[in-house]
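The values are calculated or read from the model by the stated rules, or taken from the named source; none is laboratory data. Computed from a predicted model, the values in this text were never measured in an experiment. Here the Cβ positions follow ideal geometry from the backbone for every residue, glycine too, while neighbour counts run over all protein chains shown. Side chains are part of the model used for accessible areas, which takes the heavy atoms of the whole protein and leaves out ligands, DNA and RNA. Shrake-Rupley method; radii C 1.70, N 1.55, O 1.52, S 1.80 Å.
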Amino acid sequence: MTELTQEEKEIPAIKYEYLDHTADVQLHAWGDSLEEAFEQCTEAMFGYMTEIDKVDILEKHEIEAKGEDIQSLLFHLLDEFLFLFSADPFFIARKVKITSFDRQNFTMRATGYGEVFNLKKHPQGTEVKAITYSNMQVFDSEKVHEVYVIIDI
């Protein structure tokens, strides 16, 4: 396991919220760029699964996502990180950093920083069963970078 740098261990500001939705939860995230909005949305998903402030940054995992458009790219980003949590080693990210974002080919690479989920340390929140396309919205303009995603719980 490689040693993490101090920059990799820094915790970003929270720029997301949870909105009520019938039988599901809607994540609303924003940022100074579309990349940051995607990162915040992923962190919001993990924050719904446990008390995110109890997650320490001890290791990192990288994922790749590919889509057919910007919405499917967001879907696949979240789905890849949900898979990391759902399969061994049950990794939960406190922080997500997009390292490559190709808007023409709808591909990206991202790194999640966190640790292996441990029920003795991390209170179990709500299980996220799946990411949905239902009412998914991505806004990206000069002044607005925000996303809305409904997750199935």
Rounded to two decimals, the Rg over Rh value of the stretch 41-126 from Cα coordinates and the Kirkwood Rh reads 0.99
The distance between the Cα centres of the stretch 77-153 and the stretch 1-40, in whole Å, is 8
The answer for trypsin sites (Lys or Arg not before Pro) in the stretch 63-122 that fall in a DSSP coil and have at most 13 neighbouring Cβ atoms within 10 Å is 103, 120, 121
Non-local residues with an amide H under 5 Å from the amide H of residue 31, with H modelled 1.01 Å from N and Pro and chain starts lacking one, are 37, 145
For 139, 117, 83, the accessible-area ranking with a 1.4 Å probe, largest leading, is 83, 139, 117
In deg cm²/dmol, rounded to the nearest 500, the helical mean residue ellipticity at 222 nm of the chain, built from -39500 (n - 2.57) for every DSSP H run of length 4 or more, is -7500 deg cm²/dmol
Given pairs 95/121; 9/143; 15/60; 66/120; 54/97 and cut-off 23 Å on Cα-Cα distance, the over-length ones are 9/143; 66/120
